[in-house]
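The values are calculated or read from the model by the stated rules, or taken from the named source; none is laboratory data. Predicted model, so just to flag it, every value in this text is computed and none were measured. Don't worry about glycine lacking a Cβ; one is built from the backbone with ideal geometry, like all the others, and counts go over all protein chains shown. Surface areas here come from the heavy atoms of the whole protein model, side chains and all, with no ligands, DNA or RNA. Shrake-Rupley method; radii C 1.70, N 1.55, O 1.52, S 1.80 Å.
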Amino acid sequence: MRVNDFLLILLAWALFSQCHPGNSRKNDRLWFELNSIQKHAGDCDETSLACARVDIKYPLAKCKNEVACKAINSSILNVVVQFLAFEAPVKNASEQYLHLMADSFLLEWKNLHEKEPELTASTGWEVTINGEAAMRTPKVATVSLSAYSYAGGAYPNSSVTILNFDAATGNILHWEDLILDNPAFLELAEHHFRKARELQPGSDLKKEGFFMEEGFKLPQNFEIQEEGIYFWYNPYEAASYAQGQTDFLIPYQELGELIRKELIFEVTNYKGS
C-alpha cells in the first residue's frame, strides 16, 4: 500500500466522520452494540510488509422486535461480508460466515506468500472496515460502514456504504421510498452537487469530468440525519478515482415537501415544515 493512498483514505474517513456525528445511544426500541474481528497472518510488525491484516468493526442491532433486528443485522452482515469476499452479493450472511471469510482472506495471502514471496514482500494485504450506528429518530436507524482493502494491484479499494433502516420493520429505506417529487428533488440535488464541486450552474458535467455515462444521478448512499439528508458519492461513482468522493448535506428546510417526512419523523417534529 502506498503512503499517498493510505493518507487519502484517512482523509476521506475524517471528512465523512465530521459530517456524520454518529452515536449508538440506547433506547427502549432499538440500539446497537459494536463487534470486532482482528486477525493477521505473516510478520505484522512495523519493520515488515510481509503481512495480511483483517480489522473489522461492525454494529449489530439489539431490540425487542426480533423480526426487525434480524432484518437489520442480516443487511449489515451482508455488506461487511461483501467488502471482505470480493465476490457476488451474499444473502443471509452470519457472523460465523464473516469469520470464515476473514480466515479465507488470510489463507489466500499465506498461500501466495509461500508460492511467490517476492509478490508479497513489499506490499501487505489489508481489509479494514469501520462501522458505526446512529439513532436519528424513533422511526429510523442508520448505519455507516467504511471499508478499505488492498490485495495487490495498482490501487486499493475504498468505499462507504450507508444503510437507513425503518426501525419498526428492519427494511432498508431507498430513494424511491423517500422522494415524493423526483424531478424537483434531482434538480435540488444537482444544485448542491455543483456547489460542493464548485461548478458553474449550467456547465456541462461530462466536460467537467463527472457522470460520464448517464448524466447527473443520485448517489447509491445517503444518510437520514437530524438536520437533513446527507449525500455520499464514492470514488468512481461520480468521477474518477483521483477526484475522490463527493459529499454534501441538504437541510430539511430546503427539502420541504419533496420527501415523505412521515417515514422519518413524528410529523410534529419535522424540521422542514
Note to self: One residue is enough: does segment 82-93 have a residue meeting the conditions surrounded by 17 or more Cβ atoms within 10 Å (Cβ to Cβ), more than 27 Å from residue 136 (Cβ to Cβ) and modelled with pLDDT of 90 or more?
What the structure shows: no
Item checked: Answer from 189, 184 - the residue that is at pLDDT 95 or above, over 29 Å from residue 38 (Cα atoms) and open to solvent by less than 20 Å² (accessible area, probe 1.4 Å) -> 189
Notebook entry, point to check: In segment 114-166, what residues are hydrophobic (A, V, I, L, M, F, W, C) and open to solvent by 20 Å² or more (accessible area, probe 1.4 Å)?
Noted result: 119, 121, 125, 151, 154
Next item on the list: Could you please tell me which pairs satisfy a Cβ distance under 7 Å, a separation of 6+ or placement on different chains, a first residue in segment 193-207 that is part of a helix (DSSP H, G or I), and a second residue that is open to solvent by 100 Å² or more (accessible area, probe 1.4 Å)?
Entry: 194/201
Next item on the list: Would you kindly identify the strands (runs of 3 or more DSSP E) lying entirely within segment 74-190 that contain at least 2 residues that are among the charged types (D, E, K, R)?
Entry: 125-135
Next item on the list: State whether the residues of segment 64-76 include one that is surrounded by 15 or more Cβ atoms within 10 Å (Cβ to Cβ) and touching a helix residue (DSSP H, G or I) at 6+ places or on another chain (Cβ under 8 Å).
Entry: no
Notebook entry, point to check: With respect to residue 253, is the statement that it is open to solvent by 40 Å² or more (accessible area, probe 1.4 Å) and under 19 Å from residue 183 (Cα atoms) true?
Noted result: yes
Next item on the list: Could you tell me which residue of segment 235-265 is farthest from residue 207 (Cα to Cα), considering only residues that are without any contact (Cβ under 8 Å) to a residue 40 or more places away in the chain and not in a helix (DSSP H, G or I)?
Entry: 251
Item checked: Hits in segment 211-234 - residues which are part of a loop (DSSP other than H, G, I, E, B) and either closer than 21 Å to residue 253 by Cβ or out of contact with any Lys or Arg (no Cβ under 7 Å at 6 or more places or on another chain) (or both) -> 213, 214, 215, 216, 217, 218, 219, 220, 225, 226, 227, 234
Next item on the list: For segment 208-217, state whether one or more residues are of a type in the set (A, V, I, L, M, F, W, C) and touching a strand residue (DSSP E or B) at 6+ places or on another chain (Cβ under 8 Å).
Entry: no
